[in-house]
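Inspection log for the structure reproduced underneath, given as structure tokens.
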Amino acid sequence: MRSEKLEFEGSQGETLAARLDRPKAPPRGYALFAHCFSCSKDTLAAARVARELAAHGIAVLRFDFTGLGQSDGEFANTNFSSNIEDLLRAADHLREHYEAPSILIGHSLGGAAVLVAAEKIPEVKAVVTIGAPADAAHVEKQFTDDVDTIHQTGEARVQLAGRPFTIRKQFLDDIAGQNVLDAAKGLKAALLVAHAPRDEIVGIDNATRLFVAAKHPKSFLSLDDGDHLLTGAAHAAHAAKVIAAWAERYALNDPLPAAPASPPGHNSALVQETGKGAYLSWASTGEARFLVDEPEELGGFDAGPAPYQLLSTALAACTTITLRMYTDRKNWALGRISTHVTHARSDAEDGQPPRDVFTRAISVEGGLSAEQSDKLVEIANKCPVHRTLERSSHIDTAYAGDET
């Protein structure tokens, strides 16, 4: 996964801080994440969901709303409408520099915001709410004791999650004029409502109201015993995995061609370029399909193992399997066997060309006797891939003809 800091201009002309988490390979789609009220892009929920989605091939832009986190501006001058405008500016930034978002994800009040913003971003095909209220004014419950003061004096200093914020009357007037349920009813994208049944900040009844209001296609994800802020790593990971699987049906496009079929033969393999990037290719062998690539410093995406990594892996795999076959025949009750292999090129010496050097280290859970360890080293040196690498091989190469 790659993660990079970005900046763009927000709705009030201030510079907004953002972070783009994206997979190493070309993304299957872009998502825009709106954080919870008075939070930031770096909350546990936002960061974990974004990173997990990136691991599933979805690039995620998360940013701090005006006046929050690392973004410039005064929070007191913002409101629900300005948050929506910030979302639109973020979508514009993705559209201009990467690709327009096909997925909107909003946490808490951010969930209400993405529902309202969705109709203004034509490329959006899927919307996800996490612990979202069905009414923007629900946020007043976080500073109920100060509402009267705000109406009477025009503003008040309130405590939100232990931090002081200035809330002005214009903020209350703005959320009073928002209709989140109408936005849900008019949504022209697929909707996934994710909510924790035990959410004590935004009750589960909000999820029910949003779900009932929306038209199909719509789905519901129970976050089980998670809390409102989705602080548990397992809950955030679960939510992201479900979002990725659900979005595949509605909002994702695989940028890579399908992996080719494996050629016949037990020990045969096929590697075919994807046409994306300099070296990214599909490898097919037997029932396995995986990407191979080169590291970024060599011009690749680093989206899969490089050739010499595969060669080291082949030696490590052959060693581990060979040792297990041997110990099973000898009825040795050993723990799991691990083989660590590294590859390097030695310097030329005495007029001789550089040599390929594979360094191999074997370990066994629970340990073993000195006699057993000596025997395992002896057997490792007899594994088939070891012997293939140690002796010279013959390679026949022919041009197979043009592909159609």
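Taken together, the values in this text are just the output of simple stated rules run on the coordinates, not laboratory data. This one's a predicted model, so the numbers in the text were calculated from it and none came from an experiment. Virtual Cβ from ideal backbone geometry, glycine too; neighbours counted across all protein chains shown.
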Give a residue-ordered list of calculated ³J(HN,Hα) values for the stretch 340-352 (Karplus: 6.51 cos²θ - 1.76 cosθ + 1.60, θ = phi - 60°; whole Hz; x for Gly, Pro). 9, 10, 10, 10, 8, 9, 7, 6, 5, 9, 6, x, 8
Find which of Ala344, Leu323, Thr359 sits farthest along the positive direction of the dipole of the stretch 296-393, computed with +1 on the beta-carbon of Lys and Arg, -1 on that of Asp and Glu, about the Cα centre. Leu323
Per-residue HN-Hα couplings for the stretch 117-132, Karplus 6.51 cos²θ - 1.76 cosθ + 1.60 at θ = phi - 60°, whole Hz, x for Gly and Pro? 6, 3, 5, 9, 10, x, 7, 5, 10, 8, 10, 10, 10, 10, x, 8
Can you tell me, using C-alpha contacts under 8 Å and at least 6 residues apart, the relative contact order of the stretch 318-404 as a whole percent? 30
Nearest 10 degrees is fine. How inclined is helix 80-97 to the longest principal axis of the chain, computing both from alpha carbons? 30
Too long at a 25 Å Cα-Cα cut-off: which of Lys125/Lys185; Lys41/Lys276; Lys218/Lys241? Lys41/Lys276
For the stretch 139-230, what is Rg from Cα atoms divided by 2.2 N^0.38 Å, rounded to two decimals? 1.31
Calculate the length of the line joining the C-alpha centroid of the stretch 193-210 to that of the stretch 287-358, in whole Å. 49
Can you sort Ile130, Ile201 so the residue with the fewest Cβ neighbours within 10 Å comes first? Ile201, Ile130
Straight-line reach check, Lys169, cutoff 20 Å on alpha carbons, 8 or more apart in-chain or any other chain, hits among lysines -> Lys141
Longest the chain segment clear of GluC sites (Glu not before Pro) sitting in DSSP loops (not H, G, I, E or B) with at most 14 other Cβ atoms within 10 Å runs 75-199
For the chain, I need the span (max minus min coordinate) of the C-alpha atoms along each principal axis, in Å, sorted largest to smallest. 88, 56, 46
In nm, to one decimal, how far is the modelled label at Ala76 from the one at Leu160, with both set 7 Å along Cα→Cβ? 1.4
Within the chain, helix-based [θ] at 222 nm, where runs of 4 or more DSSP H residues each add -39,500 (n - 2.57), nearest 500: -10000 deg cm²/dmol
Residues whose placed amide H lies under 5 Å from that of Leu191, excluding near-sequence neighbours: Val127, Lys218, Ser219
Let me check against my output: what whole-number percent is the relative contact order of the chain, with C-alpha pairs under 8 Å and at least 6 apart? 11
Under the Kirkwood approximation applied to all pairs of distinct alpha-carbon atoms, what is the hydrodynamic radius of the stretch 257-301 in Å? 11.0
FRET efficiency for Asp146 and Val271 from the Cβ-Cβ distance with R0 = 51 Å, rounded to 0.05, comes out at 0.20
For the stretch 306-404, take the alpha-carbon Rg, divide it by the Kirkwood Rh, and send me Rg/Rh. 1.10
Overall form of the stretch 228-367 per C-alpha gyration tensor (a/c, 1.5; a/b vs b/c): oblate
PRE zone check, label point 7 Å out along Cα-to-Cβ of Ala317, amide N under 17 Å, scope the stretch 334-370, hits 337-343
Label point 7 Å beyond Cα of Asp205 along Cβ direction - residues of the stretch 116-157 with amide nitrogen under 20 Å: 130-145
